[in-house]
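The values are calculated or read from the model by the stated rules, or taken from the named source; none is laboratory data. Fair warning: this is a prediction, and the values are worked out from it, not measured in the lab. Methodologically, a virtual Cβ is constructed for each residue, glycine included, from the backbone with ideal geometry; neighbour enumeration extends over all protein chains shown. Surface accessibility is based on the protein's heavy atoms, side chains included, excluding ligands, DNA and RNA. Shrake-Rupley method; radii C 1.70, N 1.55, O 1.52, S 1.80 Å.
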Amino acid sequence: MKKSKYLLLLALTLVLSAFLAACGGGNSAQNNGGQGDTPPSGEGEPTGPQVLNVVDSAEIPTMDTVQGTDAVAFNVMNNVFEGLYRLGENDEVVEGVAKSHEVSEDGLTYTFTLREDSVWSNGEPVTANDFVFAWQRAVDPNTGSEYGPYMMNGKIKNATQVSAGELPLEELGVKAVDEYTLEVTLEQPVAYFESLMTFPTFFPQNQKFLEEQGDKYALEADTLIYNGPFTLDSWEHEVGWTMKKNADYWDAETVKLDEVNVKVVKEVSTGVNLYTAQQIDISPGLTSDFVTQYKEDPDLISYLEPTIFWFKFNQTKNEALANVNIRKAIAMGFNKQDMADYVLNNGSIPANYSVPVEFVQHPETGEDFREKNGDMNAFDAEKAKEHWEKGLEELGTEAVTIEILGGDTETAKTMQEYLQNQLQENLPGLTIKLKEVPFAQRLDLDAAMDYDMQLAGWGPDYLDAISFANLWITDGGNNKMGYSNAEYDKLLNDVMTTYANDPAKRFEAMQEAERILLEEDAAIAPIYQRGTTRLWKPYVQNVYRHNFGPDFSYKWAYISGK
């Protein structure tokens, strides 16, 4: 298909910038000449200063584990706090504060035995009461946590009623049998419950310390206490933070790094300059021009992640987006393949689905989740125009203006301009305005549903398709766009109740729910499944990358041969 003038100009700009930076040829990022698709692992012994220097794309929005909702916060929390379990190599669930657990025959009661050598950084022991307090606080309506109800409702006994204010906090299905024994009661068996326990929402909190800090809790490095492999030693807002090895951590002898320094870097070019100047050891995810520039560099690695980016359509703020034909027109109205190949060029692939490829498989047939539904609402300019014209007729207008809420990073801005151009070119009468804001502000606007369309993404919180599927239930904590479909809600309710012990039916119900979400309702418009290409110093070993939950674990990382 003929490419738009904008795309041709963009491609030429990227080629010229790569040529000016460094001449060279070779294959695409997916077949790069670098280290491959995984970070270096287990090569050599720790040598020299054990200091890791990295970047992140945004300020930490919060360090209160019951208030966290984003990848930046969860990544830091995963390294300075610890729950009952944590994710290890290859996403294996390994010991954390809990050293063992027992499960009742009906799969409804988990009894965790906590280790007695797990302590907070102020010297106090981590106890079962710390988990009870944190979990109750997470579903307390007065706390206003988004993730508490999202993660616990329908799983932990009475969480739904407690979070709705219909039952007291004490009725939540979690109790301290004694100081080091925690009992958790579920609504129904949860197949992925152990991996769920690695997620920051379920981390403990020390009630006494939190109440002493009051409104200052978790706002600065010194208004927190820690029980993980590292402590947050300093936190300069919007600039960066430093994590230092926690000498009081129960497994401190495993931790080799003494320090992890993180800079907030929004521009990829700045991150690459820091990398080439030897000031950081892992680059941010590279944009297309840098992938081309460094494709023969032995430091280059590339991998596909189970993370999807999409347009959220707020059906309550802009009348046009309450129209299903308008939503379908937008969903089909931009070239996703060109987006992946030219704008991103980092291993990302077009997404015409809401549950990623190569993430979960049918429990009986072993087929990928994608096999049944395949692609839905794929790019088709002619069909998009048909839906557009029908939608305009239903609205009684010839023109529509829609604002897209997006990020303020270099990559986000380039992507948003491309999408703006594509939609305005393929849907006559559409005017797209861009609102580009910092990440924390976007989260606030999402929570307030103060947007028309939003460019958002989601990575799974645990190894199950429901991590994506339950985003869109009516009035769900992450819905935030006014979408409601009774049939979709029933399917998800069946997934969590009727089919809880029937893995095949449960899996197939989620596939049908996805079809309703996209094919029937076009409630969201998937854009791409993220691939990431980075420059990664070969001396940085054993940084474990996770496919769900927090992105990275530094507990086992070390520097070798720098």
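Before moving on, here are some points about what is shown:
- Yes/no for Thr38 being β-branched (Val, Ile, Thr) and either under 22 Å from Phe133 (Cα atoms) or modelled with pLDDT of 95 or more (or both): no
- When each of Asn335, Asn318, Asn373 is tested for being modelled with pLDDT of 95 or more and closer than 28 Å to Glu512 by Cβ, the lone residue that passes is Asn373.
- Among the residues making up the range 134-160, a single one is open to solvent by 60 Å² or more (accessible area, probe 1.4 Å) and in a helix (DSSP H, G or I): Thr160.
- Scan of the range 47-72 for residues that are under 24 Å from Ile559 (Cβ atoms), open to solvent by 50 Å² or more (accessible area, probe 1.4 Å) and at pLDDT 95 or above, ordered by number: Thr47, Gly48, Pro49
- Screening Glu194 with (1) buried (at least 22 other Cβ atoms within 10 Å of the Cβ); (2) within 21 Å of the chain's Cα centre (by Cα) gives one miss only, at (1).
- Of residues in the range 439-469 being among the polar types (S, T, N, Q) and out of contact with any Leu (no Cβ under 9 Å at 6 or more places or on another chain), the one least open to solvent (accessible area, probe 1.4 Å): Ser467
- Given (1) polar (S, T, N, Q); (2) part of a loop (DSSP other than H, G, I, E, B); (3) modelled with pLDDT under 95, index of the condition Ser484 fails: (3)
- Here the condition is being charged (D, E, K, R) and open to solvent by 40 Å² or more (accessible area, probe 1.4 Å); of Asp521, Asp489, it holds for Asp489 alone.
- Taken together, the residues in the range 506-537 that are under 12 Å from Val324 (Cα atoms) and either part of a strand (DSSP E or B) or within 21 Å of the chain's Cα centre (by Cα) (or both) amount to 5.
- Selected residue (criterion: nearest to Ile516 (Cα to Cα)) from residues of the range 426-438 that are touching a Gly at 6+ places or on another chain (Cβ under 9 Å) and surrounded by fewer than 22 Cβ atoms within 10 Å (Cβ to Cβ): Leu430
- For Phe199: the one exception among (1) in contact with a strand residue (DSSP E or B) (Cβ under 8 Å, 6 or more places away or on another chain); (2) of a type outside the set (Lys, Arg); (3) closer than 30 Å to Glu183 by Cα; (4) open to solvent by less than 30 Å² (accessible area, probe 1.4 Å): (1)
- Asn273 vs. criteria polar (S, T, N, Q), outside any loop (DSSP other than H, G, I, E, B) and modelled with pLDDT of 95 or more: yes
Residue-wise test of (1) crowded, with 22+ Cβ neighbours inside 10 Å; (2) more than 30 Å from Ala523 (Cβ to Cβ); (3) hydroxyl-bearing (Ser, Thr, Tyr).
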{"residue": "Gln205", "(1), (2), (3)": "yes, yes, no"}
{"residue": "Gln213", "(1), (2), (3)": "no, yes, no"}
{"residue": "Tyr217", "(1), (2), (3)": "no, yes, yes"}
{"residue": "Thr223", "(1), (2), (3)": "no, yes, yes"}
{"residue": "Thr231", "(1), (2), (3)": "yes, yes, yes"}
{"residue": "Lys263", "(1), (2), (3)": "no, yes, no"}
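- Any chance Trp472 is surrounded by fewer than 22 Cβ atoms within 10 Å (Cβ to Cβ) and within 16 Å of the chain's Cα centre (by Cα): no
- For the range 310-352, filtered to residues that are among the polar types (S, T, N, Q) and under 18 Å from Met481 (Cα atoms), the residue that is nearest to the chain's Cα centre (by Cα) is Asn314.
- Scanning the range 77-93 for residues that are open to solvent by 40 Å² or more (accessible area, probe 1.4 Å) and in contact with a Ser or Thr (Cβ under 9 Å, 6 or more places away or on another chain) yields Glu89, Val93.
- Scanning the range 110-132 for residues that are in contact with a Pro (Cβ under 8 Å, 6 or more places away or on another chain) and surrounded by fewer than 22 Cβ atoms within 10 Å (Cβ to Cβ) yields a total of 2.
- Unique residue being closer than 26 Å to Val51 by Cβ, outside any helix (DSSP H, G or I), in contact with a helix residue (DSSP H, G or I) (Cβ under 9 Å, 6 or more places away or on another chain) and in contact (Cβ under 8 Å) with a residue 60 or more places away in the chain when the list is Thr198, Thr231, Thr242: Thr231
- Members of the range 244-259 that are touching a Ser or Thr at 6+ places or on another chain (Cβ under 7 Å) and hydrophobic (A, V, I, L, M, F, W, C): Trp250
- Selection count where residues are more than 14 Å from Ser348 (Cα to Cα), part of a strand (DSSP E or B) and not hydrophobic (A, V, I, L, M, F, W, C), scope the range 297-317: 1
- Filter result (among the aromatic types (Phe, Trp, Tyr) and either surrounded by 22 or more Cβ atoms within 10 Å (Cβ to Cβ) or more than 19 Å from Val268 (Cβ to Cβ) (or both)) within the range 291-310: Tyr294, Trp310
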